[in-house]
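Here's the structure, in structure tokens; my notes come after.
The values are calculated or read from the model by the stated rules, or taken from the named source; none is laboratory data. On a predicted model such as this, the values are computed, not experimentally measured, just so you know. All Cβ positions, glycine included, derive from the backbone under ideal geometry; neighbour counts span all protein chains shown.
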Amino acid sequence: MFIKILLLCIFFAIMIAIGFYCRKHATDVNGFVLGGRSVGPWLTAFAYGTSYFSAVIFIGYAGQFGWKYGIASTWIGVGNALIGSLLAWVILGRRTRIMTQHLDSATMPEFFGARFGSKSVKIGASAITFIFLIPYTASLYNGLSRLFGMAFHIDYTVCIIIMAVLTGIYVIAGGYMATAINDFIQGIIMIFGIIAVIAAVLTSKGGFMAAIDGLARVEDPSVTATPGAFASFFGPDPLNLLGVVLLTSMGTWGLPQMVQKFYAIESEKSIHKGTIISTMFALIVAGGCYFLGGFGRLFSDQINVEAEGYDAIIPAMLSNLQDVLIGLVVLLVLSASMSTLSSLVMASSSTLTIDFLKDNIVKGMSEKAQLLVMRILIVVFIAISVVIAIVQYKSAVTFIAQLMGISWGALAGAFLAPLLYGLYWKGTTKTACWCSFIWGAGIMILNLLFNEMFPSILQSSINAGAFAMLGGMIIVPVVSLLTPKLDRELVDSCFSWYEEPVTVAAKFSLSDKE
């Protein structure tokens, strides 16, 4: 117990110290929200990765999908690395950085408002961001109760409050730069933590080959009659597995707290480095999490999934580890949760302040006033998420836990298509943007309220989210072709920086002639 508490104290002390150290970077809105657009590749890549992979992934998704698909769940982590990280950086990174700086936008709703020349679009995007990031924030605490109960035997409410307060302190003090530096440290903990835990868990089952052999012998007639399906390449249900890969990978392309990382990166060279770093981070952390979860059925003698739920699987796998390793796991999950929490509350507070309150509710809002309001809203958002998490825990309100998938699907379904087309295609229209907003948010709200009316494959919030994203990719170009075009001067201005001529030195070459 002493070792575990000591590790936690050191961890929290470093986080707080970094927050106060970074106060000098948070003296204006640009510095507080984007770190002055001068964040290097390592910090940006780790900030992207740690915001991507939270405790929901490690405790909830890894356990749930590992149980359902066996070792094939590793494909989710591979998809997260190649689609959610590599392709996201290649396709979105440079263009997002250039256009958002050109349009002087610090948030995703502000980008939509400037790109489509519409204050209503900005307010609509702000409302969707605010509504769906709150339940997403609350879902971060899911799974922590079992882990902390196993490690410290203290009340879950105390754990939530401590984590929320400490996260709030360093975010309020240092803004985005403090978040980025802490994300880097938390990311290192996550890398070493997941490698150590996988090695320890597989060793407890006799090594990798023995664990694979044990998994191949698992039978579950309710899932599949195919022998050895849980140790196979694509698992017992490849189609639903593909839905999970799509939502958890492409979904990041439309999440405000993820895309905003590209706004802050400092240079062209940093984007290239960040792409490689972010991809490798995702391969290790996401691939490792889902790979570990794939062996969950080997521990079926220690848990009753029907009674205890999927969140019990990973804690059961870890319960017999040494105290030092359990302490490392606690730091791993705390790091994943705090990094994502800080990213979400920054996105929520900046969006509500810059896109909704400024110039709409409060006219002529000064820089100082904006900073104060953002800091107050960070406290409000964290408090709301804590209350929701505690209510869920005390009252066993299970549907709140499902809101992670609903939130992710709604945000990605609403924003991915207009963002992608808006960055690349001059023909994208304001009406198409609105249609995507209504489509993505509408599909996921209907899925939550009238789930049984959906086809069986879309009753899963994961599959419904993937459907919303793919539908948006079709809706936006079709509606854009049928609706009035934006002002030509506005569009040309948005794309002008992509076409700015540059002069380069030509390499000397010998003539082909004698």
(message) Suppose we filter GLN322, GLN302 for residues that are over 26 Å from TYR136 (Cβ atoms) and in contact (Cβ under 8 Å) with a residue 60 or more places away in the chain; which single one remains?
(response) GLN322
(request) Kindly list, by first and then second residue, each pair from a residue in the range 351-372 that is more than 19 Å from ILE172 (Cβ to Cβ) to a residue that is among the small types (Gly, Ala, Ser) and modelled with pLDDT of 80 or more, limited to pairs with Cβ atoms under 6 Å and residues at least 6 apart or on different chains. (result) ASP355/SER126; PHE356/SER126
(message) For the range 258-283, give me the residue count where each residue is touching a residue at least 40 places away in the same chain (Cβ under 8 Å), surrounded by fewer than 21 Cβ atoms within 10 Å (Cβ to Cβ) and not in a helix (DSSP H, G or I).
(response) 1
(request) For the range 68-76, indicate whether the set of residues that are under 14 Å from GLY288 (Cα atoms) and of a type in the set (Ser, Thr, Tyr) is non-empty. (result) yes
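Every residue, every condition in (1) within 21 Å of the chain's Cα centre (by Cα); (2) of a type in the set (Ser, Thr, Tyr), yes or no:
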| residue | (1), (2) |
| --- | --- |
| VAL386 | yes, no |
| VAL391 | no, no |
| GLY409 | yes, no |
| GLY413 | yes, no |
| THR431 | no, yes |
| ALA441 | yes, no |
| ILE445 | yes, no |
| GLN459 | no, no |
(request) Go through (1) crowded, with 21+ Cβ neighbours inside 10 Å; (2) over 25 Å from SER120 (Cα atoms) and name the single condition ALA412 misses. (result) (2)
(request) Mind checking which helices (runs of 4 or more DSSP H) fall wholly inside the range 150-254 and carry at least 2 residues that are under 30 Å from ALA17 (Cα atoms)? (result) 156-204
(message) Anything in the range 3-19 that is within 17 Å of LEU332 (Cβ to Cβ) and aliphatic (A, V, I, L, M)? List them, or say none.
(response) ILE3, ILE5, LEU6, LEU7, LEU8, ILE10, ILE14, MET15
(request) Consider only pairs whose beta carbons are under 6 Å apart and that are at least six residues apart or on different chains; among these, list those whose first residue lies in the range 460-481 and is within 16 Å of MET404 (Cα to Cα) and whose second residue is small (Gly, Ala, Ser) and surrounded by fewer than 22 Cβ atoms within 10 Å (Cβ to Cβ). (result) ILE462/GLY243; ASN463/GLY243; ALA466/GLY243
(message) Suppose the filter is in contact with a Phe, Trp or Tyr (Cβ under 8 Å, 6 or more places away or on another chain) and outside any helix (DSSP H, G or I); does ALA106 pass it?
(response) yes
(request) Kindly check whether there is at least one residue in the range 34-52 that is surrounded by fewer than 23 Cβ atoms within 10 Å (Cβ to Cβ), outside any helix (DSSP H, G or I) and touching a residue at least 40 places away in the same chain (Cβ under 8 Å). (result) yes
